[in-house]
Structures are given as structure tokens and as C-alpha cells.
């Protein structure tokens, strides 16, 4: 095994595999920065081209895009409050307020360091788990998945910074909207109003683009100002100092980084959960365990570290699940499976024996791509002064980005109806922002609602009404009880200290 481990690394001492890895990193950064286009679109376009390449070169290209697209998406999330990727939505909650306070560089630095370190630890954990992955993952059934989703939904109120009640309302409205379309368990079409466009459910990309990008750009255009004029005169040296400060913040909050990385890794091991869920769960846990939860949502660097650590850590776990079990650990890993099949390689338990060297090569590629991507993003942010984009006048910025927003919404499924969906959710996003309802809670409910219903029905039909009494379910319920008790316990201790101080 050690020989295969070393040989996997040595592949990247050759020019062709390393060159395609770097090309994939550059494509991933560029595609990630563009609103709504996303790494999945790039992988779909490039997948046929990998058939004519050497398997290591072709897979390295796709692996690099998988590794770094979310990092590129986080740049626009922080600078413009527009998610380049669905996994970047949680980063916006505190990243963009930091930009508005003139701390864009600090947010970018924290994002880059947390993401790169999270990815590397995720790969190391995946390598360590290779012998044990099959029994662990196969022991997680639909009942356990149902309760894991319920754990994620428990953070609806936590995300509602201004008002937990409005956070809950926003989340439940998101769950309700997720029910639109054909329901597989019952064979009933719900809330479609006779429209064929709604039959296959609302796509995540146009909903996200309207709710966040469209709403932000509409308000920015109406105000006629730049996003953060304070960045206009910020010299490059000062910006780099901010980036370095953000990097140091990760080490100052190393416990938070580790917990969030483990959250992302564990979530990534479970097929069907998805990256956005991992980032929201990590953010909710960070806020719930923080000594100053009231600062979250106002531009708190911890709110950037948590989702970014989880987002990149999950990729190592998702790759392990994909190679060891043949089950795509994430949407991007479905393209990795496609590329493997095109080269005559069948992912699954046998692959870790017959193609162990290639498996290690993919893990090395994931780690190296994150390191190279982190360095390139640092150069782009610190030396190209990318943060100055937030000082551009709205009359130039808004129409340019709107074009990419609607193009990205259309390319999601190539239906004109998705543009209409984006427009509708733009209006919803503006109203929610105006009246203080939390858009992140809405999106969390929308993402997890449909998964919860699906897993609940399957668990109920296969295990009966007492499916939650399985050992794995009881463990998850115990974790939920502990998490629910953290905030009341903290408040109780604070009040007791105050009483003692006043006595």
C-alpha cells in the first residue's frame, strides 16, 4: 500500500498530469467566480474531452475543478453577496458584512486558509479511513439519514440572527416551496397548477440566484452606489495585511476550524446529503457553540471559517465514498464516476485493490489542487486587488453580473421557465430582506426539506413507525439533545454568574 501511495504522488512530478491539474484549478477558480455557472457545468462540458486523454490527466482535470470551484464561488459570496456555488451561500452570511465593514481582505484570508486546511485534513482522514469505510457507510440507512437531515433543519432558528421566530418562518416556507412538483413516494403532482415546468420541482440554481444575487443586484442598482466605497483607496500592501490577519484568525480559532472540518468530513461520507447542508450545519454549530452568538451575521470571522472548513473537507470524504462504494458522495463525484467508467474502471470495493495506485493519485490530486488553488487565489486577491470590484459604480457592475446570473439560471436545465423562476425569487428575496426574514433559513429549508420527506417515507415504509429506535438513530438523537441543550445551558450559566455578581 505504501508503494502505491508514493507512486500516486509521483504521477504529479510529470508535466502532463501536473499541467492538466493546474489547468483544472484555473478553470475552477474562473467558473466558481462566475455567478450560477458553477463547477458542475464546467465538468459536464469537459467530461467528453477526458476520453481522449490519459486517465490520470483527464481525472486530474476534473478533480481540480471539483476541488477549487467552491473556493472561487466563495470569493463572489464575500465581495458581492452573490454565491458562485451553492456551497458558498453560508459564507455570505458573515463574509459580505465583513466586506461592507471594510474587511474584505480579512474575510478572503480566513476563507482561503480555512478552505485549504480543511481540504488537506479531509484527504488525510479519507486515506486513514480506507480500511473501515465500507462497514461504516453501509450501516447508515434511510432512518439515520432522515434524522441527520432533521439535525440540519434544527438550525433554522439559529440562522435567524435578528429574530429566531422569523428564521423558523423563513425555513418552513422554504420547506413548503420544496414540496412543489412530482412526489415519487405517492405519485402525486403537488402545487404545479397544471404547469409542466413545475412538475420536476424547482431547481436550486435559479432559486438561489434570484433569492440572493437578483435581490442584491436590484437593491444595489436602485441605490446607485458601489458595494463598499471604502475599498476604493485601499492600497495593495494594506489589503495583503488584512488577508494575513484573516489567515491568522483561523489559527486563533483552531478548535472551531477542527470541529467544522470534522462536520464537513462526516457529512461528506454520507451519499445524498450534499455540500450546502454540510456548510449550513457547520455554521449553525459554530453559532450555537460560540461565546458571542449575537455577532454572527454582522461580519464575524468565525462565520466564514466554519462553512469554508466544512465545504472543502467534505470533498475528501465524498471521493472516498465514491471510490470505495461506487456511490457518488456529491454531485461532482458523479462526473468522476462517469470519467472512470469511460476509461473502463468500475468504482467500488474492488477498485481499492485493482486500482489502488490510481485511487491514491486522485486523493493526491485533490490535496495538491487545493494547495495550488489557495496560492493562486491569494495572488488574485492580494496582488490583483480583486476586492476593488466592490468599489465599481453600480451602473457598470449590476448589468454585467445580471447577465451572468440569468445565463447561469438558464444553463441549469436549459428551460426558459428557470429565468422566470429567478425573477420570481428575486422579488421574494427583496421582500424578505425588506421585512427582516432570513433568506439563508429559507434556502436551508428548501434544500433539506425534500430530502427529509424522501428519507422519511422510505424509512417509514421499510422499517415501520418505530424506525428511530435503531442504534444509529438513537446515537443521532442523543447528539441532537446535547446540541439543543447548549444554548439554554449557556444562558443559565450567564444568568447565574450575573446573580452572583450582583449579590
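Would you please give the FRET efficiency between residue 407 and residue 176, computed as 1/(1 + (r/R0)^6) with r the Cβ-Cβ distance and R0 = 30 Å, to the nearest 0.05? Spell out each step's value before the answer.
Working: r = 29 Å, r/R0 = 0.96.
The value I calculate is 0.55.
Cα-based Rg (one decimal) and Dmax (whole number) for segment 46-131, in Å?
Computed over the Cα atoms of segment 46-131, radius of gyration and Dmax are 16.0, 49 Å.
Run the simple label-point estimate for residue 396 and residue 124 please: 7 Å along Cα→C-beta, distance reported in nm.
Between residue 396 and residue 124, the simple spin-label model gives 4.4 nm.
Could you give the semi-axes, largest first, of the ellipsoid that matches segment 308-366, computed as the square roots of 5 times the alpha carbon gyration tensor eigenvalues and rounded to whole Å? List each step's numbers first, then the result.
Numbers: eigenvalues 71, 29, 19 Å².
Whole-Å semi-axes of the equivalent ellipsoid: 19, 12, 10.
Report the FRET efficiency, 1/(1 + (r/R0)^6), for residue 245 and residue 219, where r is their Cβ-Cβ distance and R0 is 25 Å, rounded to 0.05. Numbers along the way, then the final one.
Working: r = 29 Å, r/R0 = 1.18.
Efficiency, from the Cβ-Cβ distance: 0.25.
If segment 1-102 were replaced by its equivalent ellipsoid, with semi-axes equal to the square roots of 5 times the Cα gyration tensor eigenvalues, what would those be, largest first, whole Å? It would help to have the intermediate numbers written out before the result.
Working: eigenvalues 194, 48, 19 Å².
Over the Cα atoms of segment 1-102, the semi-axes work out to 31, 15, 10 Å.
Quick one, can you get me the convex hull of the C-alpha atoms of segment 240-335 expressed as volume per residue in Å³? If you can, show how the numbers build up before the last one.
Values: hull volume 9.9 nm³, N = 96.
Roughly 103 Å³ of hull volume per residue.
Given the Cα atoms of segment 2-469, and with Rh set as the inverse mean 1/r over their pairs in the Kirkwood sense, what is Rg to Rh to two decimals? All intermediate terms of the calculation are to be shown ahead of the outcome.
On the way: Rg = 21.2 Å, Rh = 22.2 Å.
In segment 2-469, Rg relative to Rh is 0.95.
Full extension from residue 193 to residue 384: what is 0.36 nm times the residue separation minus their Cα-Cα distance, to one decimal in nm?
On the way: separation 191, 0.36 × 191 = 68.76 nm, distance 4.98 nm.
Full-extension gain reported as 63.8 nm.
Using the per-residue mean of other Cβ atoms lying within 10 Å as a proxy for protection, in what order, highest first, do the peptides 1-14, 245-258, 86-99 fall? Kindly include the intermediate steps, with their values, before the conclusion.
Numbers: 1-14: 13.8, 245-258: 18.0, 86-99: 27.9.
So the peptides 1-14, 245-258, 86-99, ranked by packing, come out 86-99, 245-258, 1-14.
Using a 10 Å cut-off on Cβ atoms, rank the peptides 276-288, 440-452, 424-436, 304-316 from the highest mean neighbour count down.
304-316, 276-288, 440-452, 424-436
Every number here is computed from the coordinates shown, using simple stated rules; none is lab data. The shown structure was predicted, so the numbers you read here are calculated from the model rather than taken from an experiment. Ideal geometry is used to build each Cβ from the backbone, glycine not excepted, and the neighbour counts take in all protein chains shown.
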